[in-house]
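Working notes, beginning with the structure itself.
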Amino acid sequence: MTQINVNKLIADYPLVQDLINLKHVAWFNPNATTTEAGLPYVGLTISDVQDAEARLNRFAPYLMKAFPETQATQGIIESDVVAIANMQTALEARYQTPITGKILLKKDSHLPISGSIKARGGIYEVLTHAEKLALGAGLLSIDDNYEVLFSDKFRQFFSQYSIAVGSTGNLGMSIGIMSAKLGFSVSVHMSADARQWKKDKLRSHGVNVVEYEQDYSIAVEQGRKEAEQDPNCFFIDDENSTTLFLGYAVAGLRLKKQFAEQGVIVDKDHPLFVYLPCGVGGGPGGVAFGLKLAFGDDAHCLFAEPTHSPCMLLGVHTGLHDGISVQEIGIDNITAADGLAVGRASGFVGRAMERLIDGYYTLDDQDMYNLLGLLNKTEGIKLEPSALAGMTGCIHVTQNTNYWQSKGLSAQQMANATHLVWATGGGMVPSDEMQKYLAQAKLS
Ligand SMILES: *Cc1c(COP(=O)(O)O)cnc(C)c1O
């Protein structure tokens, strides 16, 4: 890999100096295009997403059996959208910015099975792999009721195969729990920042947890290496997987239905802004792809990252994508935001989605803790720190008049805006851990 000349990089991209100084930055990409112009670069289409949705529907009867908590939604892993009016008032006061439009919260934090956005992509990829094996062995046909997979026969069949993944925690949780339930032998390679309770929980499900003293990239690399030595082992590649990406993308079409049911209008006069916490990029990238397919130019997506791990902002802004890590510009990649502690972004997602993402911003750990406390106090909703990263997006959008005017939006249209904060995790955080998070919040 070529050495990065940091001085030259700063000269070419002065914003890099602000990143190095760990400032809160907001960058609206001047090269963002219309949805129509940007979608062809993704390399995937709406029919790929519909295919993923159909696959998840086939698995719904199995999931209802295997995870009774999914019965309420007929085996579909989906989350609620709720208004947070008290939080909106509190944000306006805290940031002394009147927010036009309405803030809604997308509670992926409370998705069944693994309590984070990873219950979309991670579980989808395991199911896709299981289906492929079972179809290939002639044990299953796509017209079958997939309930049959919940049996000793299939658990025995899957036990011949193994699955491996590298993770900072949440991806490991969803892939570990899902794989073990189907009967696979599964190894989760965990980075140093992964929480003890997540490791304990996985082990209680019979998952082999391998611990590293290094960060996410090393855990992924080691997992990949180990898997390469075993032809029956399938490695789930968080950095490059289009399957994971499609699992996330299903959220877009589903949200469109959900909004229709709730009477939330999205059109030219009612713009939708969506704020997505970004780690390696697959989750937010996949969801944003789905949103663009569902709502086109009326959906505006922004990515949020910790000041200590702004890998996607760095990669897209400099055009270097996965050719640069935050460590190479002297940033430590240490953050309390699980899932966001990623130093090098996915090259696939950065390149596929750069034209379709309007902007990127950063915030620090203390902001996330403060917002975590504020949301708990005003709405009684408990999230993990990363999941609060989306909460300051509406402040940046509201304050950057040039940005929304460049999108052809008037103050009148902004008054009708929906600001959707994608709450990516927290539903399974044990209460003693949550108390520690809450104790970090400064509310005044
Ligand atoms: C993984 C994760 C994200 C980001 O997803 P990426 O695919 O890594 O970008 C955001 N929030 C939480 C809680 C996560 O676990």
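So here's what we get for this one:
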{"read-out": "For the stretch 339-438, accessible area per residue (1.4 Å probe, heavy atoms of protein chains only), Å²", "value": "29"}
{"read-out": "Where labels lie 7 Å past Cα in the beta-carbon direction, separation of Ile10 and Ser444 in nm", "value": "3.9"}
{"read-out": "Label-reachable residues, the stretch 103-118, where backbone N falls under 13 Å from a point 7 Å from Trp197's Cα toward its Cβ", "value": "115"}
{"read-out": "Over 28 Å (Cα to Cα) - which of Lys225/Lys436; Lys181/Lys436; Lys107/Lys442; Lys256/Lys442 fall in this group", "value": "Lys225/Lys436; Lys181/Lys436; Lys256/Lys442"}
{"read-out": "Per-peptide average of other Cβ atoms within 10 Å, ordering 71-82, 223-234 highest first", "value": "71-82, 223-234"}
{"read-out": "Within the accessible area of the stretch 45-199 (1.4 Å probe), percent carbon and sulfur", "value": "50"}
{"read-out": "Segment Asn86-Gln262, length gained on full extension (0.36 nm per residue, minus Cα span)", "value": "61.4 nm"}
{"read-out": "Accessible area of the stretch 381-430 belonging to carbon and sulfur atoms, whole % at 1.4 Å probe", "value": "45"}
{"read-out": "Using alpha-carbon coordinates, inclination of helix 282-295 to the longest axis of the chain, degrees", "value": "70"}
{"read-out": "Mean Cβ count within 10 Å, highest first, over the residues of peptides 163-174, 31-42", "value": "163-174, 31-42"}
{"read-out": "DSSP bridge pairs, the chain: antiparallel proportion in percent, nearest 5", "value": "20"}
{"read-out": "Accessible area per residue, Å², the stretch 212-270 with all protein chains present, probe 1.4 Å", "value": "51"}
{"read-out": "Length-normalised contact order of the chain in % [C-alpha pairs under 8 Å, at least 6 apart]", "value": "21"}
{"read-out": "Inter-site label distance for Ala72 and Ser151 at 7 Å from Cα along Cβ, in nm", "value": "3.1"}
{"read-out": "Accessible-area composition of the stretch 263-302, carbon plus sulfur, in percent [1.4 Å probe]", "value": "52"}
{"read-out": "Relative contact order (%) - criterion: Cα under 8 Å, at least six apart; region: the stretch 337-443", "value": "39"}
{"read-out": "Integer Hz, Karplus 6.51/-1.76/1.60 couplings in order for the stretch 84-101, x for Gly and Pro", "value": "10, 4, 5, 5, 4, 4, 5, 5, 4, 5, 5, 9, 6, 9, x, 9, 7, x"}
{"read-out": "Whole-number accessible area per residue in Å² for the stretch 13-98, which is evaluated in the context of all protein chains at 1.4 Å", "value": "51"}
{"read-out": "Average Cα contact separation per residue, the stretch 28-98, under 8 Å, 6 or more apart, as relative contact order %", "value": "16"}
{"read-out": "Ordering of 321-330, 204-213 by packing [mean C-beta count within 10 Å, highest first]", "value": "321-330, 204-213"}
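The values are calculated or read from the model by the stated rules, or taken from the named source; none is laboratory data. Since the structure is predicted, the reported quantities are computational estimates derived from the model, not experimental observations. Counting neighbours? That spans all protein chains shown, and the Cβs are built from the backbone with ideal geometry, glycine included. Accessible surface areas use protein heavy atoms only, side chains included; no ligands, DNA or RNA. Shrake-Rupley method; radii C 1.70, N 1.55, O 1.52, S 1.80 Å.
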